[in-house]
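Worksheet: the structure to be examined is printed underneath.
The values are calculated or read from the model by the stated rules, or taken from the named source; none is laboratory data. Just so it is clear, the structure is predicted and the values come from calculations on it, not from any experiment. A quick note on method: Cβ atoms are made from the backbone with ideal geometry, for glycine too, and the neighbour counts reach across all protein chains shown.
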C-alpha cells in the first residue's frame, strides 16, 4: 500500500510554536547520552535537560500565547484559571532518555472548556511530530492519519506500563489477549494505539501531562477510551493535579476495548 500523501490541509501551527518545539527537540537530541539523572520525591527520574526543557517551553508559551496559563510536569501543576491553557510534559520518557534508550517525547496540549483542542507530540529521536486538532483530525509529519479501526493488526501487540503489568499476576489463569510491549513513555504508549502500532494500551498511573496530548489524538482517530477511576475532563481551574492519577484503557475499536476490559478491571480491583 502506498503511504498516505501529504495533506494540503495539514494544520499550520503558529510559527512561534514550531520554533519553540524545534528548539527544545534539538537541545534534547544534543543532550541525549550526556545527562546524569536525579531522583524526584516520587521516585521518578529527572535530568537537567528536563528542567531546561520545562522552563523553555513554559516561558515560550507565555510569550507566544499571552494570557494563557501553563500546567507543566516540572513547574506549576495547578489547573490554570484562564479560558485557554496549556498542559506540558517537557520530556516524557526520562528513564529512557537517561538510560540511553532513544525513545521519548515532548507533549503539549492546549485546553479549552476542560478538553484538549490542540495536541502536539514531538518524538525528537525519530524526528516525528504528531499534531491533532479537535474536530479536524490528526497528522504525523504532515500526513493525515487514518483511524486504526480501518487497518488490520496481525501482530496484535498491546502496550502496558511498568505498573499495569501487575495485572498478569491478578489473572493467572487467563491468557493475556495480545503480545506485550512496554515502551516506557506514557504518551507514546497511548498514541501507539491511534497510530495502529498496538491494539490497546493500559496505563495505571498517568498524570494529566502524560495523557493530555495523546487523549486528543485518540479521540480524533475514533479510538475508544475508558477512564477507570475518574475522567480528566472538565477539571476546574485552581485544582492541584500533582498527585492525581487517571488510569485508562485505550483500544483501536470497541470490540478490542471489551476484550481487554477484564485486565483493566483487575488493575483497579
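Can you tell which of 138, 158 is under 23 Å from residue 247 (Cβ atoms) and at pLDDT 95 or above?
158
Among the residues of the range 227-239, is there at least one that is touching a helix residue (DSSP H, G or I) at 6+ places or on another chain (Cβ under 6 Å) and in a helix (DSSP H, G or I)?
For the range 227-239, residues touching a helix residue (DSSP H, G or I) at 6+ places or on another chain (Cβ under 6 Å) and in a helix (DSSP H, G or I): absent.
What about residue 107, is it touching a strand residue (DSSP E or B) at 6+ places or on another chain (Cβ under 6 Å), modelled with pLDDT of 95 or more and surrounded by fewer than 16 Cβ atoms within 10 Å (Cβ to Cβ)?
no
Restricting to the range 101-116, give me the number of residues that are over 16 Å from residue 210 (Cα atoms) and part of a strand (DSSP E or B).
Qualifying residue count for the region: 1.
Which one is nearest to the chain's Cα centre (by Cα), of the residues in the range 157-177 that are in a loop (DSSP other than H, G, I, E, B) and surrounded by 13 or more Cβ atoms within 10 Å (Cβ to Cβ)?
Filtering the range 157-177 for residues that are in a loop (DSSP other than H, G, I, E, B) and surrounded by 13 or more Cβ atoms within 10 Å (Cβ to Cβ), the one nearest to the chain's Cα centre (by Cα) comes out as 161.
Among the residues of the range 247-266, which ones are crowded, with 22+ Cβ neighbours inside 10 Å and either part of a loop (DSSP other than H, G, I, E, B) or outside the structural domain of residue 188 (by TED's automatic domain parsing) (or both)?
252
Could you grab me the full set of residues in the range 193-205 that are under 20 Å from residue 130 (Cα atoms) and surrounded by fewer than 24 Cβ atoms within 10 Å (Cβ to Cβ)?
195, 196, 197
Counting only residues that are in a loop (DSSP other than H, G, I, E, B) and in contact with a helix residue (DSSP H, G or I) (Cβ under 6 Å, 6 or more places away or on another chain), which one in the range 181-216 is farthest from residue 243 (Cα to Cα)?
Out of the qualifying residues, it is 196.
Just to be sure I understand, how many residues within the range 64-74 are in a loop (DSSP other than H, G, I, E, B) and within 18 Å of the chain's Cα centre (by Cα)?
2
Among the residues that make up the range 82-92, is at least one of them in contact (Cβ under 8 Å) with a residue 12 or more places away in the chain, assigned to a loop (DSSP other than H, G, I, E, B) and in contact with a strand residue (DSSP E or B) (Cβ under 8 Å, 6 or more places away or on another chain)?
Yes, the range 82-92 contains at least one residue that is in contact (Cβ under 8 Å) with a residue 12 or more places away in the chain, assigned to a loop (DSSP other than H, G, I, E, B) and in contact with a strand residue (DSSP E or B) (Cβ under 8 Å, 6 or more places away or on another chain).
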